[in-house]
């Protein structure tokens with residue numbers, strides 16, 4: 001199965017093209033803005049003359065992360081999947097950050113405003129649903145779940161939690177590995193559920209008068 005995965009949720013613009021377990025191409029560039037201008041060109045470079053008609057699936061990270069960023073990647077992937085009449089697979093950014101790591105792994109993204117997007121795993125199995133928590137609450141949840149043994153904290157929020165687990169491995173990538181996103185998407189069985197943005201809190205952006213532009217009509 002040939003799959004194209006894209007990620008624009010956090011502080012990188014990334015894409016990977018895989019054929020089953022074989023990685024055909026992958027690219028990740030750090031950026032906090034400009035995903036919209038870079039993504040299509042990056043995908044074109046990754047395809048390197050291959051036909052989009054060869055794709056069997058498209059995948060995109062669905063958050064949590066930047067409201068603008070995750071919508072860029074998801075809109076791009078949705079448009080491509082629709083044009084090709086192939087499934088679109090949504091992949092959580094936190095599982096993608098934690099992917100491939102053994103033992104206790106906590107994916108933690110600095111959500112600003114003294115909050116952390118948090119999800120904990122043990123050997124790849126989730127121990128909790130993704131959540132947006134105050135730093136103090138996230139630390140308490142971590143203490144409750146960590147137990148004994150090696151631990152890994154991964155994501156931009158990892159340094160905020162590292163004092164609680166001083167022996168933990170701390171990793172701060174700009175975003176998920178796009179190959180990990182692709183492999184998680186390959187593991188999703190048909191029928192593929194709809195890919196929807198994962199918003200764990202209300203957006204910062206407001207229209208004049210305090211109207212939330214993302215609120216349901």
Simple spin-label model, 7 Å along Cα-to-Cβ: residue 82 to residue 188 in nm? 1.7 nm
Rounding to the nearest 10 and keeping the result within 0 to 90°, find how far the Cα-based axis of helix 135-146 lies from the longest principal axis of the chain. 90 degrees
In nanometres, what is the gap between the two model label sites at residue 144 and residue 32, each 7 Å from Cα along Cα-to-Cβ? 3.2 nm
Could you check the spin-label model distance between residue 40 and residue 54? Points 7 Å from the Cα along Cα→Cβ, value in nm. 2.3 nm
With an 8 Å Cα cut-off and a minimum separation of 6 or more residues, compute the relative contact order for the chain in percent. 22 percent
Contour excess over end-to-end distance, with Cα ends at residue 171 and residue 23 and 0.36 nm allotted per residue: 51.0 nm
For the chain, calculated [θ]222 nm from helices alone, where every DSSP H run of n ≥ 4 adds -39500 (n - 2.57): -8500 deg cm²/dmol
Take every Cα pair under 8 Å in the range 100-171 that's 6+ residues apart, average their separations, divide by the length, and report that relative contact order as a whole percent. 33 percent
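Bear in mind that the values in this text are calculations on the coordinates, not laboratory data. Since we're looking at a predicted model, the values are computed, not measured. Heads up, the Cβs are rebuilt from the backbone with ideal geometry, glycines too, and the neighbour counts pull from every protein chain shown.
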